[in-house]
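The values are calculated or read from the model by the stated rules, or taken from the named source; none is laboratory data. Since we're looking at a predicted model, the values are computed, not measured. No Cβ is skipped: glycine too gets one built from the backbone with ideal geometry, and neighbour counts run over all protein chains shown. Heads up: the accessible areas ignore ligands, DNA and RNA and are worked out on the full protein's heavy atoms, side chains in. Shrake-Rupley method; radii C 1.70, N 1.55, O 1.52, S 1.80 Å.
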Amino acid sequence: AGQRLVLLGTVGETGEDFEETIRLVEEVGYDSMFSFKYSQRPNTPALALTDHVPEEEKARRLSILQEKQRGIQMRRNAAYIGERHEVMAEYFNQATGHWVGRTAQNKTLNFLLGGRPAPTPGQYLDVLVTRSGPNSLAGEACA
């Protein structure tokens, strides 16, 4: 369901506004989300407004939202386990010993070659997804 940018604690955001954001995130089930706390910036009209959300409340809301999104990502990514996907190889990660690539759904897939020759970055190959996490998939290149 794509990605979403969420800015929490903007001037005037109510508890009800935040609950609506949570309901939307649950309903849509985004693949990933970039979420941040609103912070005042010099020379902006919002500085003159008085109904700022307290910093502690912004932090609480951000934590709730990010935990909700993490659960969604875990469930969505787990659905890929056992599937074969065409992956475009991007690079070899020396630290993990895995190749890193992208699926057609723009999912990061870290994979082992399983005896196959090393791909050239930009080359496509089929990969069986064997594990998942909140931010990426893992698997092994198919023979």
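Scanning the range 99-117 for residues that are open to solvent by 70 Å² or more (accessible area, probe 1.4 Å) and in contact with a Phe, Trp or Tyr (Cβ under 8 Å, 6 or more places away or on another chain) yields a count of 1. Looking across the range 1-36, the residues that are at pLDDT 80 or above, crowded, with 16+ Cβ neighbours inside 10 Å and in contact with a Lys or Arg (Cβ under 7 Å, 6 or more places away or on another chain) come down to Phe18, Val25, Tyr30, Asp31, Met33.
Across the range 59-98, the number of residues qualifying as open to solvent by less than 70 Å² (accessible area, probe 1.4 Å) and part of a strand (DSSP E or B) comes to 7. Every condition in (1) hydrophobic (A, V, I, L, M, F, W, C); (2) open to solvent by 60 Å² or more (accessible area, probe 1.4 Å); (3) more than 30 Å from Thr108 (Cβ to Cβ) holds for Val53 except the one numbered (2).
Report whether or not Leu47 is over 16 Å from the mean Cα position of the chain (by Cα), at pLDDT below 90, farther than 30 Å from Ala104 by Cβ and surrounded by 15 or more Cβ atoms within 10 Å (Cβ to Cβ). No.
Taken across the range 3-14, residues that are in a loop (DSSP other than H, G, I, E, B) and within 23 Å of the chain's Cα centre (by Cα) do occur, with at least one present.
Pull out all pairs, ordered by first then second residue, where Cβ-Cβ is under 8 Å, the residues are six or more apart or on different chains, the first lies in the range 88-116 and is in contact (Cβ under 8 Å) with a residue 60 or more places away in the chain, and the second is of a type in the set (A, V, I, L, M) and assigned to a strand (DSSP E or B). Pairs found: Lys107/Leu137. Just so you know, in the range 118-140 the residues that are assigned to a strand (DSSP E or B) and farther than 19 Å from Asn77 by Cβ include one that is most open to solvent (accessible area, probe 1.4 Å), and it is Tyr124.
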